[in-house]
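Participant: I have a structure I would like to understand better, so I am pasting it below and will then ask my questions one at a time.
The values are calculated or read from the model by the stated rules, or taken from the named source; none is laboratory data. Because the structure is predicted, anything quoted here is derived from the model rather than measured. Cβ atoms come from the backbone with ideal geometry, glycine included; neighbour counts cover every protein chain shown. Quick note on the areas: whole protein, heavy atoms, side chains included, nothing else; ligands and nucleic acids left out. Shrake-Rupley method; radii C 1.70, N 1.55, O 1.52, S 1.80 Å.
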Amino acid sequence: MKIVKIIAIVLLVAFVGIQFIPTTRNQSDTVPSTDFMLVNNVPETIQKKLQVSCYDCHSNNTQYPWYNKIQPVAWFLEDHIKEGKAELNFNEWDSLSSRRKASKLRSIIKQIENDEMPLDSYTLIHSEATFTEAEAEELINFITQLKDSL
């Protein structure tokens, strides 16, 4: 029984200790002129859905939830956001070549059709980020038109 108490105390001290290790926050006060929404004529309904469903992980400005202040959750979120931005950063959209844009748009369509984005781990807590069939169809139609116009 004594060993269990020692292990519990060590784990508690470690948990408290890791709370003081900072993470990098993905927040910006400005929207660059290369942003997807500014460059393309995005309908307001799609703008709102992209903001809610995509921009937290795929832009330079994440709206952090309250639990981001708790380690190791903050590390998980930081890594998740870095991976998302490495794959696609909507704030840097206009700096991509036309060929790269077309590739990203095809990927967006495919991932929405296959229900791969937004990730289940994100929509588990952010249920408003899920796409209804109508929203997915509207977004896919818009992205397809955008891809065809490149």
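Participant: Testing E83 on (1) assigned to a helix (DSSP H, G or I); (2) open to solvent by less than 30 Å² (accessible area, probe 1.4 Å); (3) at pLDDT below 95, one condition comes back false. Which one is that?
Facilitator: Status for E83: all satisfied but (2).
Participant: Ok, one more. Could you tell me how many of the residues in region 3-42 are open to solvent by 50 Å² or more (accessible area, probe 1.4 Å), more than 16 Å from W75 (Cβ to Cβ) and either small (G, A, S) or not in a helix (DSSP H, G or I) (or both)?
Facilitator: 7
Participant: Collect the residues in region 112-141 that are open to solvent by 60 Å² or more (accessible area, probe 1.4 Å), under 13 Å from the mean Cα position of the chain (by Cα) and hydroxyl-bearing (S, T, Y), keeping them in residue-number order.
Facilitator: Across region 112-141, the qualifying residues are S121, T130.
Participant: Can you name every residue in region 46-94 that is small (G, A, S) and farther than 14 Å from T23 by Cβ?
Facilitator: Listed by number, the residues that qualify are S53, S59, G84, A86.
Participant: Another one. With respect to L77, is the statement that it is without any contact (Cβ under 8 Å) to a residue 60 or more places away in the chain, within 25 Å of I112 (Cα to Cα), in a helix (DSSP H, G or I) and of a type outside the set (S, T, N, Q) true?
Facilitator: So L77 passes the test.
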